[in-house]
Amino acid sequence: MKQTSACLDLLADDHRRDILFLLCDTKSVQIPDGLLRRNQAQPANSHSQSSPNSHPRSTEQDLSQLEVQLHHTHLPKLESEGVIEWDQETQTVSRGPNFDDLEPVLRLFAANQDRFPDDLL
């Protein structure tokens, strides 16, 4: 997964980016709880409250929709590229064998977040 277009495709979605940013800081994350905690910790000017593409955070229906999207779209895509390992039984996501290919890009974004649109991180 060393192609630029494959890397950018994985980073194109908010949910996938959030999972990958979480994995920069920890070896594994519980899904969807880790995403919800990350979004609630975002500052007021971040994408979690202002962007039309932001993560839902208030209702059970929103949570259910997030879980469906994760299980049917985002987690399989990340897993097929080898950037995550997904234990469906425990709902845990951890770094995959190709995570190291994406980590420098993620760290570059994080280190320069004031230069990117608010909804990137």
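The values are calculated or read from the model by the stated rules, or taken from the named source; none is laboratory data. All values reported here derive from a predicted model rather than from experimental measurement. Using ideal geometry, Cβ is built from the backbone for each residue, glycine included, and neighbour counts are taken over all protein chains shown. Quick note on the areas: whole protein, heavy atoms, side chains included, nothing else; ligands and nucleic acids left out. Shrake-Rupley method; radii C 1.70, N 1.55, O 1.52, S 1.80 Å.
Label-to-label distance for ASP33 and GLU67 is 1.3 nm, based on points extended 7 Å past Cα in the beta-carbon direction. Placing pseudo-labels 7 Å out from each Cα toward the beta carbon at ALA110 and ALA6 gives an inter-label distance of 2.3 nm. Of the residues VAL68, VAL105, VAL83, the one with the largest accessible area comes first in the ranking VAL68, VAL105, VAL83, computed with a 1.4 Å probe on protein heavy atoms.
With the simple spin-label model, which puts each label point 7 Å out from Cα in the Cβ direction, the ASP25 to SER94 separation comes to 2.0 nm.
Around the amide H of ILE84, modelled in the peptide plane, lie the amide H atoms of GLU79, GLY96, all under 5 Å away and 5 or more residues distant in sequence or on another chain.
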